[in-house]
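Derivation of every value follows stated rules applied to the coordinates shown; laboratory data play no part. Keep in mind that what you see is a predicted model, and the values were worked out from it rather than measured. Glycine gets a Cβ as well: all are built from the backbone with ideal geometry, and neighbour counts include every protein chain shown.
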Amino acid sequence: MQITETEISEVLLFEPKVYRDDRGFFLETYREKHLKKVGIDIHFVQDNLSKSQQGTVRGLHYQIEQPQDKLIMVMEGRILDVAVDLRRSSSTFGKYVARELSSDNKHQMFIPKGFAHGFSVLSNNALVYYKCSDYYCPEGEYGLFWNDPSLNIDWQVTDPVISEKDQNQPKISEISKEFLF
């Protein structure tokens, strides 16, 4: 597995080795020692799966209580995966990383605690699977406005499909310090 730092060094791109033959393919999606090799010592406790239609934008979400490291992969389709740095003391606060993840490229993105996460669906449908280092805590969940002009994220979709909850999140400049990392 090749692990590459992105523009924000704590957000990592994983490129697993894929073995293909006439039957199809095989790949290893996760091995704890790969994370330890790059200095990350975590244990995943919850796995999530979502299916979304083309044009859907999910996020940007994060948890203050029980914050989560996440390892994202796409089992079917194509997404633009986005991580926004919400760590006040970070030199990259308010910056984001975006990568295309797909069932074809089989790339995964590791997003550590302290980041808001979201994605847009670029294919007809997408089946997104992710591992989390802590349990979902609805009382501790917060969000960031998906289309905050100060972030200037190109979600690569027209006519986005967005939940009412995600349409009503605050911009990064409106978030109180106690709701940041």
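Of note:
- What the Kirkwood sum gives for the stretch 1-98 is a hydrodynamic radius of 15.9 Å, with every pair of different alpha carbons counted.
- Shown here is the pair-distance distribution of the stretch 1-45: with all Cα-Cα distances grouped in 5 Å bins from zero up to the longest one, the shares run 5, 18, 24, 22, 14, 9, 6, 2 percent.
- Rounded to the nearest Hz, the phi-derived 3J(HN,Hα) couplings of the stretch 46-63 under the Karplus curve 6.51 cos²θ - 1.76 cosθ + 1.60 (θ = phi - 60°) are 9, 10, 10, 9, 10, 10, 9, 8, 4, x, 5, 10, 10, x, 9, 10, 7, 10, where x marks glycine and proline.
- Estimated FRET transfer efficiency when R0 is 22 angstrom, pair T29-V157 (beta carbons, to 0.05): 0.25
- Hypothetical label at V38: residues of the stretch 1-20 whose amide nitrogen lies under 14 Å (7 Å Cα-Cβ projection): 1-17
- For the chain, the residue among T92, H34, L151 whose Cα projects farthest onto the positive side of the dipole built from Cβ charges is H34.
- Applying the criteria of a DSSP loop state and at most 16 other Cβ atoms within 10 Å to the chymotrypsin sites (Phe, Trp or Tyr not before Pro) of the stretch 8-99 yields Y30, F93.
- Karplus 3J(HN,Hα) series, Hz, for the stretch 93-99 with 6.51 cos²θ - 1.76 cosθ + 1.60 (x for Gly, Pro): 3, x, 8, 9, 10, 9, 9
- Cα gyration tensor shape of the chain, rounded if a/c is under 1.5, else prolate or oblate by comparing a/b with b/c: oblate
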